[in-house]
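S.K.: First the structure, then my questions, so here it is.
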Amino acid sequence: MTNLQQAFSSENFRQDAHNLVDLLADYLEASHNQTLRSVIPYQEPDKALSFWQADYEQGKTDINDFFKKTIEKSTHLHHPRYMGHQVTPPLPITAVAGMLTNLLNNGMAVYEMGLVSNPLERILSELLAKRIGFDKNASGLLTSGGTLANLTALLAARAAKTDVWEDGNTTKLAVMVSEEAHYCIDRAARIMGMGSEGIIKVPTNDKLQIRTDFLEKYYQEATEKGFKVICIVGSACSTSTGSYDNLEEIAAFAQKYQLWFHADGAHGGAVVFSEKYKHKVKGLDQADSVVIDWHKMLMTPALATALIFKRDEDAFKTFQQKAQYLWANQHSKDWFNSGKRTFECTKLMMSVKIYSILKAHGEQIFGENVDYLYDLGKTFAAMVKSRPNFELAVEPESNIVCFRLNNHFSKDLNELNSAIRKQLLEDGKFYIVQTSLKENIYLRVSLMNPLTTETDLNALLDEVENIGTQIS
Ligand SMILES: *Cc1c(COP(=O)(O)O)cnc(C)c1O
């Protein structure tokens, strides 16, 4: 056998894959029963680099050994004390589906390269559209992450409101957004040539929601400066604090000035699956476009993001481009050629992973996850409030909770809480992050793991308090 033949050997694959499944199942078990001690085996970047450089110098070795090291040295999202960034511990079935799609590697851009994934993508988009409350004119797509999905939505807004795609920039365009919006909106607007003035950041209230009473003023100011406002973005919810903007009021404002209304529900749009929490996105059905990350609250591995349009034709206006070798008919709106509507040409078969959840566990599992985690956010907030040395930044509306130790140990509170977070990171028994809200540093948890319990949260607060006492 040549080296290449051996590399493709089905028997080797069978063996390697079985070994890996055993390693991963052990990892899951050790995470769940918490015999796995570290949630995050943190190392300084240079130290980690040296480790892997030494590993690389060894050349070809046992692949199992590499897999083992990768598991050991990664951040462990399945550990119930993982409460860091808003990335889901994916359902194990999706990892199995991931092996399937990685090996099949159908590239999706044209129907012939996505015979399964294109129809599944359509079915999943229709499911989301229905949950959002759109009618049958809606359509959607999957793309590589919320950042790219938000850029795509803003491009669709621009295509609907201007002729920039053909004519280039002739007027100064602007979008309106809350100052608490995810930074990718600002980045998207700048990529689109709007500059720093073209991104109009509207202040937030004490719950960190966009001040809808300011919309008129900011809109008029921009118009007077010669900007054409094309779009207003609502956060559902915001990243730092998980605050939901008032989508109904944003929708009414968008309607008044014929603006595109985009809802960034990357994290919190998932409540459309929850009877209990879907009221948070009242007005979402009035949006022109909605982004929801499957890899945040919906238990799918990254990246998998839905972008849903209220009107199917808007999706096709975004990227009007000729690609003779890909599409025989440039002008038809064929749903089955993914690349006509997405930024990506070759694209991952994301729909297969999501669909595997529906097949293995049923749709209701999405709502169950949202309910459990949002409930847990409330429980955690109550625990914080019941302890005299702690305070909440804001009453949580989701599974994102910002809090801090506020007793008057000698230190400045910002320094104290930053030092606590640093110590937690180095100890690695919990993984949480921090955020800065109106100049104040808060500890921040995103409760992403449905196996996290009150016991874990109590242990976290004890630990924060202990570290606080030690370092003061
Ligand atoms: C996470 C997030 C994004 C970015 O999504 P990615 O999938 O990480 O690219 C955008 N907006 C909001 C509100 C988010 O929470």
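The values are calculated or read from the model by the stated rules, or taken from the named source; none is laboratory data. Just so it is clear, the model here is predicted, and its values are computed rather than measured. When we count neighbours, we look across all protein chains shown, and the Cβ atoms used for this are built from the backbone with ideal geometry, even at glycine. With ligands, DNA and RNA removed, areas are computed over all heavy atoms of the protein, side chains included. Shrake-Rupley method; radii C 1.70, N 1.55, O 1.52, S 1.80 Å.
S.K.: Among the numbered criteria (1) free of Cβ contacts under 8 Å to residues at least 24 places away in the same chain; (2) in contact with a Phe, Trp or Tyr (Cβ under 6 Å, 6 or more places away or on another chain); (3) among the hydrophobic types (A, V, I, L, M, F, W, C), which single criterion is violated by A328?
M.R.: (2)
S.K.: Might you let me know whether segment 216-239 holds any residue that is of a type in the set (S, T, N, Q) and touching a Lys or Arg at 6+ places or on another chain (Cβ under 7 Å)?
M.R.: We begin by selecting, within segment 216-239, every residue of a type in the set (S, T, N, Q); these are 220, 223, 235, 238-239.
After this cut, where a residue has to be touching a Lys or Arg at 6+ places or on another chain (Cβ under 7 Å) as well, the list is none.
No, there is no match, as no residue in segment 216-239 is of a type in the set (S, T, N, Q) and touching a Lys or Arg at 6+ places or on another chain (Cβ under 7 Å).
S.K.: What number of residues within segment 161-185 satisfy the criterion of being surrounded by fewer than 19 Cβ atoms within 10 Å (Cβ to Cβ) and closer than 25 Å to C237 by Cα?
M.R.: So in segment 161-185, the residues surrounded by fewer than 19 Cβ atoms within 10 Å (Cβ to Cβ) come out as 161-172, 179, 183.
Next, only the ones that are closer than 25 Å to C237 by Cα stay: 179, 183.
Residues meeting the conditions: 2.
S.K.: For segment 101-120, give me each residue that is under 23 Å from the mean Cα position of the chain (by Cα) and open to solvent by 50 Å² or more (accessible area, probe 1.4 Å).
M.R.: The answer is N102, and nothing else.
S.K.: Going by the conditions given, is Y183 within 13 Å of the ligand (Cβ to nearest atom), out of contact with any Ser or Thr (no Cβ under 8 Å at 6 or more places or on another chain) and closer than 25 Å to L298 by Cβ? Walk me through it before giving the result.
M.R.: Numbers: within 13 Å of the ligand (Cβ to nearest atom): yes; out of contact with any Ser or Thr (no Cβ under 8 Å at 6 or more places or on another chain): yes; closer than 25 Å to L298 by Cβ: yes.
Taking the combined requirement at face value, the residue satisfies it.
S.K.: Could you pull out the residue among L36, L24, L20, L28 that is part of a loop (DSSP other than H, G, I, E, B), assigned by TED's automatic domain parsing to the domain that holds A459 and either surrounded by fewer than 11 Cβ atoms within 10 Å (Cβ to Cβ) or touching a residue at least 12 places away in the same chain (Cβ under 8 Å) (or both)? It would help to see each step written out before you state the result.
M.R.: Numbers: L24 fails: part of a loop (DSSP other than H, G, I, E, B); L20 fails: part of a loop (DSSP other than H, G, I, E, B); L28 fails: part of a loop (DSSP other than H, G, I, E, B).
Matching residue, one of L36, L24, L20, L28: L36.
S.K.: All but one of (1) within 16 Å of the ligand (Cβ to nearest atom); (2) over 15 Å from the mean Cα position of the chain (by Cα); (3) more than 20 Å from Y372 (Cβ to Cβ); (4) open to solvent by 10 Å² or more (accessible area, probe 1.4 Å) hold for K228; which doesn't?
M.R.: The number of the failed condition is (1).
S.K.: Something else now. Within 11 Å of the ligand (Cβ to nearest atom), more than 30 Å from I93 (Cα to Cα) and either touching a His at 6+ places or on another chain (Cβ under 6 Å) or of a type outside the set (A, V, I, L, M, F, W, C) (or both): is that true of S243 in this structure?
M.R.: Numbers: within 11 Å of the ligand (Cβ to nearest atom): yes; more than 30 Å from I93 (Cα to Cα): yes; either touching a His at 6+ places or on another chain (Cβ under 6 Å) or of a type outside the set (A, V, I, L, M, F, W, C) (or both): yes.
Taking the combined requirement at face value, the residue satisfies it.
S.K.: Could you tell me which of the residues L91, L142, L124, L100 is within 16 Å of the ligand (Cβ to nearest atom) and among the hydrophobic types (A, V, I, L, M, F, W, C)? So that I can check it myself, show each step before the final result.
M.R.: Numbers: L91 fails: within 16 Å of the ligand (Cβ to nearest atom); L124 fails: within 16 Å of the ligand (Cβ to nearest atom); L100 fails: within 16 Å of the ligand (Cβ to nearest atom).
Just a single option satisfies the conditions, and that option is L142.
S.K.: Take the conditions farther than 26 Å from V291 by Cα, in contact with a Cys (Cβ under 8 Å, 6 or more places away or on another chain) and at pLDDT 90 or above and apply them to L416. Does it pass?
M.R.: Working: farther than 26 Å from V291 by Cα: yes; in contact with a Cys (Cβ under 8 Å, 6 or more places away or on another chain): no; at pLDDT 90 or above: yes.
It is false that L416 is farther than 26 Å from V291 by Cα, in contact with a Cys (Cβ under 8 Å, 6 or more places away or on another chain) and at pLDDT 90 or above.
S.K.: Six or more apart or on different chains, Cβ atoms under 8 Å: show the pairs whose first residue is in segment 219-238 and in the same structural domain as V202 (by TED's automatic domain parsing) and within 13 Å of T171 (Cα to Cα) and whose second is within 16 Å of the ligand (Cβ to nearest atom) and in a strand (DSSP E or B).
M.R.: A222/M176; V229/V175; V229/M176; I230/V175
S.K.: Going residue by residue through segment 288-295, is there one that turns out to be more than 30 Å from M99 (Cα to Cα) and at pLDDT below 95? Give the derivation first.
M.R.: At the first step, the residues of segment 288-295 found to be more than 30 Å from M99 (Cα to Cα) are 288-289.
Imposing the further condition that a residue be at pLDDT below 95 reduces the set to none.
No, segment 288-295 contains no residue that is more than 30 Å from M99 (Cα to Cα) and at pLDDT below 95.
S.K.: Moving on. Considering only segment 383-436, state which residues are among the hydrophobic types (A, V, I, L, M, F, W, C), surrounded by fewer than 20 Cβ atoms within 10 Å (Cβ to Cβ) and more than 21 Å from T239 (Cα to Cα).
M.R.: Result: M383, F390, F409, L413, A419.
S.K.: Another question, if that's okay. Among the listed residues K73, K47, K69, K60, identify the single one that is surrounded by 13 or more Cβ atoms within 10 Å (Cβ to Cβ), over 26 Å from the mean Cα position of the chain (by Cα) and basic (K, R).
M.R.: On the way: K73 fails: over 26 Å from the mean Cα position of the chain (by Cα); K47 fails: surrounded by 13 or more Cβ atoms within 10 Å (Cβ to Cβ); K60 fails: surrounded by 13 or more Cβ atoms within 10 Å (Cβ to Cβ).
Within the list K73, K47, K69, K60, the selection yields K69.
S.K.: Answer yes if at least one residue in segment 291-305 is touching a helix residue (DSSP H, G or I) at 6+ places or on another chain (Cβ under 8 Å), more than 26 Å from L451 (Cα to Cα) and not aliphatic (A, V, I, L, M), and no otherwise. Talk me through it step by step, then tell me what you get.
M.R.: Here is the first cut: in segment 291-305, the residues touching a helix residue (DSSP H, G or I) at 6+ places or on another chain (Cβ under 8 Å) are 291-294, 296-301, 303-305.
Now restrict to residues that are more than 26 Å from L451 (Cα to Cα): 291.
Filter once more, keeping what is not aliphatic (A, V, I, L, M): none.
There is no residue in segment 291-305 that is touching a helix residue (DSSP H, G or I) at 6+ places or on another chain (Cβ under 8 Å), more than 26 Å from L451 (Cα to Cα) and not aliphatic (A, V, I, L, M).
S.K.: Do any strands (runs of 3 or more DSSP E) entirely within segment 254-321 hold 2 or more residues that are of a type outside the set (A, V, I, L, M, F, W, C) and either within 16 Å of the ligand (Cβ to nearest atom) or open to solvent by 10 Å² or more (accessible area, probe 1.4 Å) (or both), and if so, which?
M.R.: Details: elements: 260-264, 289-293, 305-309.
Output list reads 260-264, 289-293.
S.K.: Of all residues in segment 186-204, which are buried (at least 16 other Cβ atoms within 10 Å of the Cβ) and more than 14 Å from the ligand (Cβ to nearest atom)? Step through it out loud before you land on a result.
M.R.: To start, the set of residues in segment 186-204 that are buried (at least 16 other Cβ atoms within 10 Å of the Cβ) comprises 186, 188-189, 192, 194, 198-202, 204.
Residues satisfying the conditions are M192, M194, G198, I199, I200, K201, V202.
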